[in-house]
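Some notes on the structure that comes next.
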Amino acid sequence: MNTTASPTPWQTALGQRIEQALARSRLAHAPLSDAAPGEPATRWRLPPRPAADNQVAGALGELLGGAAAQAELIAHCLQHYRQQLAGGAPEDDLGAALAAYLGACRQAMDHEPLTGPRWRAVTQWLKAWVIDELPWDDAPLAERQDAFERFAVLAVALGEWTVQASRQGKAQQASATWMARTSLRGQLGLDLPALGAALRHLDMATAADPSAARGELGAAADRQHGPGPV
């Protein structure tokens, strides 16, 4: 898996569909998020690719230096997503990983935590505006597994980078925003400010329950240890 490669036709179609949804959904009420506790879920589920076949070494190649460091970090991020965020589910959920990635991009720009309710709200937004509009079987299974791994890794990396940046000042916070902007443009052809504007609209549906549960992404998990500057 390599984020510097040209997106596949299916991933290009995904980016185009999200771009359309960003424009259209701002003219409508935000979809109600599922208030039930637990991890968000969609119908975009996949069997995990065997570890020996993973192609993740290179997912952050345009953002990090050193092949050995990349491989170690990427493997850690993928394991963290599956075990901590997805709760060890037997199947990978590409829709939930995509929602986590989009939410982490917004977090890196606004420096606000991606709480559980916010993650579920983004997932619900994708289900309402994107997932049912895009054929699921158009791409080979391996390409969809590749997309899951990429979004899961980037979601965790962005979350952790945002936490670290929040402790180090504005220059590092700007680097987290740059990472989000660069990866979002490369992965989906999307504009970060446009994404942030749409996802802020979803906060109306989550304002009643802004708490973060242990194991959530980045700055949300960091809030468990006391107030911070994020």
May I have the extent of the alpha carbons of region 104-151 along their three principal axes, as whole Å values ordered from largest to smallest? 36, 23, 16
One finds, for residue 43 and residue 191 with R0 = 30 angstrom and r their Cβ-Cβ distance, a FRET efficiency to the nearest 0.05 of 0.65
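Multiply the residue gap between residue 200 and residue 76 by 0.36 nm, knock off their C-alpha separation, and tell me the result in nm, one decimal place.
41.7 nm
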Whose amide H sits under 5 Å from the amide H of residue 92, counting only residues 5 or more places off or on another chain, with H placed in the peptide plane? 46
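Values in this text are rule-based calculations from the coordinates and carry no lab data. Predicted model, so just to flag it, every value in this text is computed and none were measured. Using ideal geometry, Cβ is built from the backbone for each residue, glycine included, and neighbour counts are taken over all protein chains shown.
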